[in-house]
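Report on the structure given below.
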Amino acid sequence: MTVFCGAGPAVPVYMRAAAATGRLLAEHNIHVVYGGARLGLMGALADAALAAGGEVTGVIPHALHTADITHPGLSHLHVVQDTATRKKRLTDLTDGILALPGGLGTLDELACVWAAAVHGTHTGPVGLLNTCGYYNPLLEFLRTANAAGFLAHHPGLRLENLVLADDDPVRLLHSIAPHTALLTLANVKEAT
């Protein structure tokens with residue numbers, strides 16, 4: 001599962017959500033692919049997945065590959081030429097995409113995946129972990145763009161083909177699983 005998320009400082013609730021997601025993915029043998037940083041939500045996600053025995057692959061541009069930024073304990077690390085190559089590699093390595101809260105980099109990654117879906121070159125929705133309503137403004141934008149006809153370039157494409165959102169990572173994975181090669185998540189219990 002490719003996970004987009006921020007590497008900047010984050011409020012504790014987002015850090016906890018990232019750690020819970022990393023743990024959940026690892027506990028269900030779902031390989032985590034992410035941006036490769038040790039900072040912010042990226043670091044919390046990777047640390048929790050690794051601590052739970054998961055496999056974690058980082059993809060980081062050469063310009064950011066420093067001891068202060070790159071996570072030192074990953075299962076695999078791809079150092080790529082630039083952010084454009086990073087985005088392509090992140091989407092090429094898995095067929096499931098999940099986004100946690102993040103900034104402009106996360107928004108850029110989401111926009112690239114959704115643009116590819118609108119033009120028919122990407123299939124499967126992106127799951128948005130909508131912790132504390134973080135993605136509500138973006139979801140409203142997508143509904144507005146859809147209603148205005150800007151997402152209708154690909155015949156049969158509906159908004160739910162682009163995005164599934166939930167504030168609970170277990171429910172979100174249940175929603176995403178049928179659109180990916182993930183094994184059944186039937187034994188994943190919903191969070192209380």
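The values are calculated or read from the model by the stated rules, or taken from the named source; none is laboratory data. Computed from a predicted structure; not experimentally measured. Using ideal geometry, Cβ is built from the backbone for each residue, glycine included, and neighbour counts are taken over all protein chains shown.
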*Is one or more of the residues making up region 47-63 in a strand (DSSP E or B) and out of contact with any Ser or Thr (no Cβ under 8 Å at 6 or more places or on another chain)?*
yes
*Among all residue pairs at least 6 apart or on different chains, which show Cβ distances below 6 Å where the first residue, located in region 123-138, is over 12 Å from residue 4 (Cβ atoms) and free of Cβ contacts under 8 Å to residues at least 12 places away in the same chain and the second is assigned to a strand (DSSP E or B) and acidic (Asp, Glu)?*
none
_Subset tally (residues that are crowded, with 16+ Cβ neighbours inside 10 Å, polar (S, T, N, Q) and in a loop (DSSP other than H, G, I, E, B)) for region 64-105_ = 1
*Scope region 91-147; condition within 14 Å of residue 165 (Cα to Cα), β-branched (Val, Ile, Thr) and within 12 Å of the chain's Cα centre (by Cα); matching residues*: 97, 126
*Enumeration of residues in region 6-37 that are at pLDDT 95 or above and on the phi > 0 side of the Ramachandran plot*: 36
*asked:* For region 1-49, which positions are over 11 Å from the mean Cα position of the chain (by Cα) and among the aromatic types (Phe, Trp, Tyr)?
replied: 14
